[in-house]
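The values are calculated or read from the model by the stated rules, or taken from the named source; none is laboratory data. Since the structure is predicted, the reported quantities are computational estimates derived from the model, not experimental observations. Virtual Cβ from ideal backbone geometry, glycine too; neighbours counted across all protein chains shown. We work out accessible area using only protein heavy atoms, side chains counted, and drop any ligands, DNA or RNA first. Shrake-Rupley method; radii C 1.70, N 1.55, O 1.52, S 1.80 Å.
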Amino acid sequence: DQQVKQNSPSLSVQEGRISILNCDYTNSMFDYFLWYKKYPAEGPTFLISISSIKDKNEDGRFTVFLNKSAKHLSLHIVPSQPGDSAVYFCAASGSETSGSRLTFGEGTQLTVNP
Amino acid sequence: NAGVMQNPRHLVRRRGQEARLRCSPMKGHSHVYWYRQLPEEGLKFMVYLQKENIIDESGMPKERFSAEFPKEGPSILRIQQVVRGDSAAYFCASSQRQGLNTEAFFGQGTRLTVV
C-alpha cells in the first residue's frame, strides 16, 4: 500500500527553467510534508517542508505547494541549476505518537541540463 | 549531514552471517529512526527508538532483525542470518524532539551486500 506516490521516476529540464516535481498521498492523517534531496551514495538531505495549515512555503529557489483537497503537493525549483540534479523524495508524517516517522515516495530523478 | 554518523559505510556479509550497523545521532538528538532503501525503491521506515526504548517497530521484519539504542553509545541495527534479500542501503536519522514539524536529519547510510 503506497501511501505516498511520486508517479514520475525521472524529469529532465534545461538550466534556468522551472522544475516541477509532483507527489500524491492517500492517507488523510498526514499533515506534515517534506522534500528531501539525495545524491548517489549519500543520505537524504532535508530541503523544505510544509504544514497542512498552509498551502505554500517558499525558501529561496524552492517553493512547495500543498492542495489538501486533492491530496497533492508539488516542489517548484526556479531557476533550475545543474547542481540540482539529484533524486528528490517526497515524505509525509502525521501522528504525534510516531514521532518524526516519515513515509516516503519512490523518488524522482531530476536532471538539469546545462 | 555530517552530524549523523553511520558505520560502516559498506558492509559485505555471506549468507547466514550477522550484520551490525551503527548509528550515532547528532549531538543533542535523542530520537533515532532506521530506514531501509531497496534497489529502485524509496526509503521504508523500520524502527523508531529513544534512549533505551523502542517506540515503534512496526516496520521491522518479524524475524532476524533487532534494534537498540542504549543509554551510552550508538544505536545498533542487527540482522542475524542475513539473506540476499537483505542487501540494501540502511539509513539512520535523528531528531531533537518528537512530533510534527520536526525535521529528521539523515546519515550517509550503510550499504549492505549479502553474497
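Annotations for the structure displayed:
- Within the accessible area of chain B (1.4 Å probe), percent carbon and sulfur: 45 percent
- Each residue of chain A gets 102 Å³ once the volume of the Cα convex hull is shared out per residue.
- The distance between label points at residue A:20 and residue B:7 comes to 4.7 nm (points 7 Å beyond Cα on the Cα→Cβ vector).
- Along the axis of the charge dipole computed for chain A (Cβ charges of +1 for Lys and Arg, -1 for Asp and Glu, origin at the Cα centre), the listed residues A:18, A:51, A:90 are led at the positive end by A:18.
- Two-site FRET efficiency, residue B:15 against residue A:2, from Cβ-Cβ distance with R₀ of 41 Å, rounded to 0.05: 0.90
- Region B:24-115: Cα Rg divided by the 2.2 N^0.38 Å rule of thumb: 1.06
- Residue with peak Gaussian network fluctuation, chain A [Cα springs, cutoff 10 Å], from A:74, A:19, A:52: A:52
- Among the listed pairs A:56/B:71; A:5/B:62; A:5/B:71; A:37/A:71; A:5/B:27; A:38/B:27, those beyond 31 Å (Cα-Cα): A:56/B:71; A:5/B:71; A:5/B:27
- For chain A, modelled as a GNM whose springs connect Cα atoms under 10 angstrom apart, the maximal fluctuation among A:60, A:83, A:94 occurs at A:60.
- Spin-label proximity, residue B:40 to region A:2-34 - amide N less than 14 Å from point 7 Å beyond Cα toward beta carbon: A:9-10
- Area hidden from solvent between A and B (accessible, protein heavy atoms only, 1.4 Å, total, Å²): 2100 Å²
- Selected from A:46, A:104, A:89 as most flexible by GNM, with chain A as the system and alpha-carbon contacts under 10 Å: A:46
- Note on residue B:84 and residue B:113: their simple-model spin labels are 1.5 nm apart, each label 7 Å out from Cα toward Cβ.
- Cα point-scatterer Debye curve for the protein assembly as shown, base-10 log of I(q)/I(0) at q = 0.08, 0.09 Å⁻¹: -0.29, -0.36
- About its Cα centre, chain B has a charge dipole of approximately 400 debye under the convention of +1 per Lys or Arg Cβ and -1 per Asp or Glu Cβ, with nothing else charged.
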